[in-house]
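Structure record follows, encoded as structure tokens.
The values are calculated or read from the model by the stated rules, or taken from the named source; none is laboratory data. Just so it is clear, the structure is predicted and the values come from calculations on it, not from any experiment. Using ideal geometry, Cβ is built from the backbone for each residue, glycine included, and neighbour counts are taken over all protein chains shown.
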Amino acid sequence: MIKDSAAELFDGLAATYDGDDYHRIVAERLVDGVPVPAGAGTGSDGGPNTLLDRVLDIATGTGEAAFAAVRRLGARHVLAVDIAPGMIAEARAKASTRDPDRRIEWRVAPGVPAPVTPASVDLVLCASALHFLGTAALVDWRRVLRPGGRVAFTLPCASTFAASGAAAALLAPDLRPPATAGEAAASAATAGFTEVSVERLVVRAGGRARAVYVVHALAGPTPGPV
């Protein structure tokens, strides 16, 4: 029922989701903060050439983080998933010009559990959605990341965040918007991630200012069964 409600809500937002630059700015800053893997260099086309074989973009929306992963990190394959078919349709429409090499696979799917096998992903991205997915998403990302893989996500800052109506009803009860950078970092550390870094980003778009915490962290070995 919750998944159906989320799909319906974000389907309704899809056509106007890119109405201002907020989501693009957040997604690009999220990707820009990812450390370039060892062995990176310049590809034959003059663009980045990294060792990021597989990137997973959770709740991709209209695809801004996925596009940034290809363009700014040189990711070889990105699986971009969203529960809303309308969002995926908008992303695919942009992909003809923004992903001409077709490195991105678009898929309508829930973010939790991610539709990938354990220890198969180098980088997990999640822009502007973790506060809907909750701590189960963080646990699942530990499952899908290879040892040494990285996670990058954002959380809205409590001081500027306001959700109402249908969106408020979908907020995860176990992961409220953090009030401080320390609280944002704790969300990753509690899930077992290490080398956590947090940046507070203020985005002025759509006639208002919104603050988000941009979090990057490292995945260690996946915990085995107790």
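Listing for the model above:
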read-out	value
Subset tally (residues that are acidic (D, E) and either modelled with pLDDT under 95 or more than 15 Å from the chain's Cα centre (by Cα) (or both)) for the stretch 59-91	1
Lone qualifier among V139, V116, V144 - being modelled with pLDDT of 95 or more, closer than 20 Å to L218 by Cα, touching a strand residue (DSSP E or B) at 6+ places or on another chain (Cβ under 8 Å) and surrounded by fewer than 21 Cβ atoms within 10 Å (Cβ to Cβ)	V116
In the stretch 175-206, residue nearest to G19 (Cα to Cα) [restricted to those that are more than 16 Å from the chain's Cα centre (by Cα) and in contact (Cβ under 8 Å) with a residue 60 or more places away in the chain]	G206
Residues (among the polar types (S, T, N, Q) and either surrounded by 15 or more Cβ atoms within 10 Å (Cβ to Cβ) or over 24 Å from S5 (Cβ atoms) (or both)) located in the stretch 161-213	T180, S187, T190, T194, S197
Conditions (1) in a loop (DSSP other than H, G, I, E, B); (2) modelled with pLDDT of 95 or more: number failed by L56	(1)
Residues within the stretch 100-136 that are β-branched (V, I, T) and part of a helix (DSSP H, G or I), tallied	1
Residue ID - nearest to I83 (Cα to Cα), chosen from residues in the stretch 7-24 that are at pLDDT 90 or above and either within 13 Å of the chain's Cα centre (by Cα) or not in a helix (DSSP H, G or I) (or both)	H23
